[in-house]
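Written out below as structure tokens is the structure these notes cover.
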Amino acid sequence: MKRIVALCVGMMLVMGLSGLASAATTKADAEAMVKKAIAFVKENGKEKGFAEINNPKGKFVKEDVYVTVYDLNGKCLAHGSNAKMVGKDLMGMKDPDGVAYVKARVDIAKSKGKGWQDYKFNNPVTKKIEPKTVYVEKYEDMAFSAGVYKH
């Protein structure tokens, strides 16, 4: 009987772990979330769109992926993980390696219209500084972004 219970527990553990692995967020998730956020703002306007992006339980936050929006001068217009950043000029913000990550996003938006950026940031789920890659896309005079941590 103990063997059967142990076997069942082992199988549930393996199934649970495989479920966790498949639930991991990807670069495609980040890019799709940015595109959905832009579409939402286009359809509903900035006020309603930014309110939804700022909602930590809203449609633009999934696990450790969330949307941020900056104007092209580095002012935070919306932030899915930290509403205290909204309204602040973050152009000079740097990661632990000295990467000016908001400036890099704005530069991508201005020069290419869209692209990827790498830096290090505090993961809101693990509470640790981790390497992250962020998809950036320009819409009107704003840079929308969302990223995934490189686990």
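Could you name the lysines whose alpha carbon sits less than 27 Å from that of Lys128, not counting residues in the same chain fewer than 8 places away?
Excluding near neighbours in sequence, the set is Lys27, Lys57, Lys59, Lys62, Lys75, Lys84, Lys88, Lys94, Lys103, Lys120, Lys150.
Under a 5 Å amide H to amide H cut-off, with H placed in plane at 1.01 Å, what residues pair with Lys75 once short-range neighbours are removed?
So Lys75 has HN proximity to Leu90.
What list of ³J(HN,Hα) values in whole Hz, one per residue of region 91-105 in order, does the Karplus curve 6.51 cos²θ - 1.76 cosθ + 1.60 (θ = phi - 60°) give from phi, with Gly and Pro shown as x?
4, x, 4, 10, 7, x, 8, x, 6, 7, 6, 5, 4, 4, 5
Want the number for Asn122 to Lys46: 0.36 nm per residue separation, take away the alpha-carbon distance, what's left?
Once the chain is fully extended between Asn122 and Lys46, it gains 24.7 nm.
For the residue pair Lys112 and Lys27, what label-to-label distance in nm results when each label sits 7 Å from Cα along the Cα-to-beta-carbon direction?
Spacing of the two 7 Å Cα→Cβ label points: 1.0 nm.
Would you kindly derive the ³J(HN,Hα) couplings of region 106-116 from the backbone phi angles with the Karplus curve 6.51 cos²θ - 1.76 cosθ + 1.60 (θ = phi - 60°), listing them in order in whole Hz, with x for Gly and Pro?
4, 4, 4, 4, 5, 8, 10, x, 6, x, 10
At a 10 angstrom cut-off on C-beta neighbours, averaged per residue, how do the peptides 52-59, 141-148 rank from highest to lowest?
So the peptides 52-59, 141-148, ranked by packing, come out 141-148, 52-59.
If you stretched the chain out fully between Asn55 and Lys88, how much longer would it get, using 0.36 nm times the residue separation minus the C-alpha to C-alpha distance?
Values: separation 33, 0.36 × 33 = 11.88 nm, distance 1.77 nm.
Computed gain between Asn55 and Lys88 is 10.1 nm.
Pull up all non-local amide H partners of Asn123: gap of 5 or more, or a different chain, and H-to-H distance under 5 Å with H placed in the peptide plane.
Lys128, Ile129, Glu130
When the Karplus curve 6.51 cos²θ - 1.76 cosθ + 1.60 is applied with θ = phi - 60°, which whole-Hz ³J(HN,Hα) does each residue of region 40-54 get, with x for Gly and Pro?
Once rounded to whole Hz, the list reads 5, 5, 4, 7, 10, x, 5, 4, 5, x, 5, 4, 5, 5, 6.
Read the figures in this text as sums done on the coordinates, not as results from a lab. Bear in mind the structure is a predicted one, so any value in this text is a computation, not a measurement. Here the Cβ is made from the backbone with ideal geometry for all residues, glycine too, and neighbour counts use every protein chain on show.
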